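Structure, as structure tokens:
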Amino acid sequence: MAKTVSVWVALFVLACSLTTISAEENGESKEFVLTLDHSNFSDTVSKHDFIVVEFYAPWCGHCKNLAPEYEKAASILSKHDPPITLVKVDASEEVNRDLANEYEVKGFPTLKILRNGGKNAQEYKGPREADGIVEYLKKQSGPASTEIKSAVDASDFIGDKKIVIVGAFPKFSGEEFENYMALAEKLRSDYEFGHISDAKYLPRGESSVTGPVVRLFKPFDELFVDFKDFNVQALEKFVEESSIPLVTLFNSDPSNHPFVIKFYNNPHDKVMLFTNLSSEVVDSLQSKYREVVEQYKGQGISFLLGDLEASQAAFQYFGVKESQVPLIIILNKDGKKYLKANVEAGQIATWLKDYKEGKVPPYVKSEPIPAENSEPVKVVVADTLEDMVFKSGRNVLLEFYAPWCGHCQKLAPILDEVAVHYEKDANVLIAKLDATANDIEDPNFDVKGYPTVYFRSADGNIATYEGDRTKEDIIDFIENNRDNTVHQESVKDEL
């Protein structure tokens, strides 16, 4: 879910230097991260072939944690040859909203690498601590592909714990080589690329291959795979598909985490088996699971095996409990979820077949229905959304919120006041739904940030509230959009 963006502070224009100076009581201290805003952003970025931008919000805890590491990295990189400039933009300031939208800022902090004077932008996908930031940006600022000149170079470059792509070319020119370099430039934030003139130096695979050939090295499954189609789109598809394990392992080993991220980001249907990998029955469960994986290989389905101990965040996200393991969850391309709790080894193939044939109903995450719902702002959960909003025959203002969202916390007492205002009006309901704990299946609600407020009139019209967050403005909005038919009939009945 996206977060709302808006807040900006200082600006100052630099003539020759790209550092800010702040005066302190004990003298002047150089700040290596440059603060920009809408007034000087484009001018500054246009002067750099390579620059890194952090879009942040002052209240964001992750941004506060990143700040000293980002500043330390900026200090080190200022001495790099050539220097690498790090800047920051307060994307919560209203005057910087257009910048945030332009760079698709959907959460804080968002880091972008801008190249060629800002003409090309890519996501920063590196570490968040100073030394890691420095090493990652040094690689990103250099060539997209590293030339490998010896067997020692190849062994050091490729290693055995990451995905590395190496192109072997008799000569470093021609259409195949140019297309390979274009691929390396496009995917450089996700993978490491190298090129070599003789495949005999490569540590795995056929050494007598004459090339041109692309060889992808990986620490799982078949360990390497070759490809000889140099169409850029075909190359990209090959890299993306070959870099996902047949079964992604989700455990506490940090070296597996990049593959878990790739698993969740891939466009396929996702099948996830969560279990205790230390249990006595895990071997038979894994064996049957891998049989199913082989059966569905190449059919647009990705598979993950998650250890119970490492999967607590996933359990919270999907709204499931430890008592349900062994547990299979399917997340399809449309975002629908399907669940099989306490699955046995012999049930895996049959249940997945039923899913493919459309025989398994979707699973909808919902908080429990409140035993009491007596506060002015009524609580809606996924299991009561239909009855309380769509079938109530009332005019409903519904806030989608997140418990940790600062903007939601500021809005809460205002909605309480609005709800109290309508307490004696049986035709108006003010309600809220925790969008982090309930699935929102209805296509009428497109929740991309917190808070998101919708109004559904009694006659079925749905509108998004985008006005000021004051009691008066919200009441005016309700009055201008409500349907009074039910109210008027109720008055007649009373008369």
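Would you please put 288-301, 51-64 in order of how densely packed they are, using the mean number of other Cβ atoms within 10 angstrom per residue and starting with the highest?
Numbers: 288-301: 14.3, 51-64: 19.4.
Output ranking for 288-301, 51-64: 51-64, 288-301.
Percent of Cα-Cα pairs more than 22 Å apart in segment 343-439, please. Provide the component values of the computation, followed by the final result.
Working: 2026 of 4656 pairs.
So the pairs more than 22 Å apart make up 44 percent of the total in segment 343-439.
Given labels modelled 7 Å from the Cα in the Cβ direction, how far is it in nm from E423 to I76?
5.9
Compute the orientation-averaged projected area for the chain from the convex hull of its Cα atoms and round it to one decimal in nm². Don't jump to the answer; show the numbers that get you there.
Values: hull surface 122.6 nm².
For the chain, the mean projected area of the Cα convex hull comes to 30.6 nm².
At 1.4 Å probe size, with the rest of the protein present, what percent of the exposed accessible area of the chain is carbon and sulfur atoms? It would help to have the intermediate numbers written out before the result.
On the way: 12390 of 25490 Å².
Roughly 49 percent of what the probe reaches on the chain is carbon or sulfur.
Per residue of the chain, what 222 nm ellipticity follows from adding -39500 (n - 2.57) for every DSSP H run with n ≥ 4, rounded to the nearest 500?
On the way: 14 runs with 148 residues, N = 495.
The helix-only estimate for the chain comes to -9000 deg cm²/dmol at 222 nm.
If you filter segment 370-423 for chymotrypsin sites (Phe, Trp or Tyr not before Pro), then keep DSSP loop positions with at most 13 other Cβ within 10 Å, what is left? Can you show the working numbers first?
Details: sites: F390, F400, Y401, W404, Y422; in loops: W404, Y422.
Sites meeting the loop and neighbour criteria: W404.
Two decimals is fine: what's Rg over Rh for segment 248-357, C-alpha atoms, Kirkwood radius as Rh? Let's see the in-between values first.
On the way: Rg = 12.9 Å, Rh = 14.1 Å.
Expressed as Rg/Rh, it is 0.92.
If one takes the longest principal axis of the Cα atoms in the chain, at what angle in degrees, from 0 to 90 and to the nearest 10, does the Cα axis of helix 130-141 lie?
Approximately 70 degrees, to the nearest ten.
How would S78, S252, S243 rank on accessible area, largest to smallest, probe 1.4 Å? Numbers along the way, then the final one.
Working: S78 45, S252 95, S243 0 Å².
Ranking S78, S252, S243 by accessible area, largest first, yields S252, S78, S243.
If the viscosity is 1.002 mPa s and the temperature 20 °C, what Stokes-Einstein diffusion coefficient in µm²/s follows for segment 74-120 when Rh is the Kirkwood radius over Cα pairs? Mind dumping the intermediate values first?
Numbers: Rh = 12.3 Å.
D = 174 µm²/s.
Work through the residues other than K365 whose Cβ is under 13 Å from its Cβ and net out their charges, Lys, Arg +1 and Asp, Glu -1. Don't jump to the answer; show the numbers that get you there.
Details: positive: K321, K336, K337; negative: E367, D383, D434, D439, E441.
Net charge around K365: -2.
Segment 97-155: which trypsin sites (Lys or Arg not before Pro) are DSSP loop and have at most 12 other beta-carbon atoms within 10 angstrom?
Values: sites: R97, K106, K112, R115, K119, K125, R128, K138, K139, K149; in loops: K106, K119, K125, R128, K149.
Passing sites in segment 97-155 are K119, K149.
With only alpha-carbon pairs counted, each pair once and no self-pairs, how large is the Kirkwood hydrodynamic radius of segment 146-243 in angstroms? Mind showing how you got there, number by number?
Values: mean 1/r = 0.0761 Å⁻¹.
Final number for the Kirkwood radius of segment 146-243 is 13.1 Å.
From the cross-link list K262/K391; K72/K125; K79/K186, which pairs have alpha carbons spaced over 30 Å apart? Write down the numbers at each step before the final one.
On the way: K262/K391 41 Å; K72/K125 18 Å; K79/K186 27 Å.
Distance filter (> 30 Å) returns K262/K391.
What is the distance in Å between the Cα centres of segment 344-374 and segment 199-221?
Answer, in whole Å: 44.
Taking the solvent-accessible surface of protein heavy atoms with a 1.4 Å probe, what is the per residue accessible area of the chain in Å²?
Working: 25490 Å² over 495 residues.
Result: 52 Å² per residue.
Give me, ordered by chain and number, the residues 5 or more places off E192 or on other chains with an amide H under 5 Å from its own placed amide H.
Hits under the 5 Å cutoff: I165.
Please give, to one decimal in nm, the separation of the simple spin-label points placed at F390 and R469, each 7 Å out from Cα toward the Cβ.
Result: 2.8 nm between the two label points.
Residue by residue, what Karplus-based ³J(HN,Hα) values in Hz, rounded to whole numbers, does segment 288-298 have, using 6.51, -1.76 and 1.60 with θ = phi - 60° and x for Gly and Pro?
5, 5, 5, 4, 5, 4, 4, 5, 9, 4, x
Against the longest principal axis of the chain, how steep is helix 61-77, in degrees 0 to 90 to the nearest 10, with axes from Cα atoms?
The helix 61-77 is inclined about 30 degrees to the chain.
Taking only Cα atoms, what is the 0 to 90° angle, nearest 10, from helix 175-187's long axis to the longest principal axis of the chain?
40
The values are calculated or read from the model by the stated rules, or taken from the named source; none is laboratory data. Given the structure is predicted, the values throughout are model-derived calculations rather than measurements. Positions of Cβ are generated from backbone atoms using ideal geometry, with glycine treated the same way; all protein chains shown enter the neighbour counts. For accessibility, only protein heavy atoms count, side chains too; no ligands or nucleic acids. Shrake-Rupley method; radii C 1.70, N 1.55, O 1.52, S 1.80 Å.
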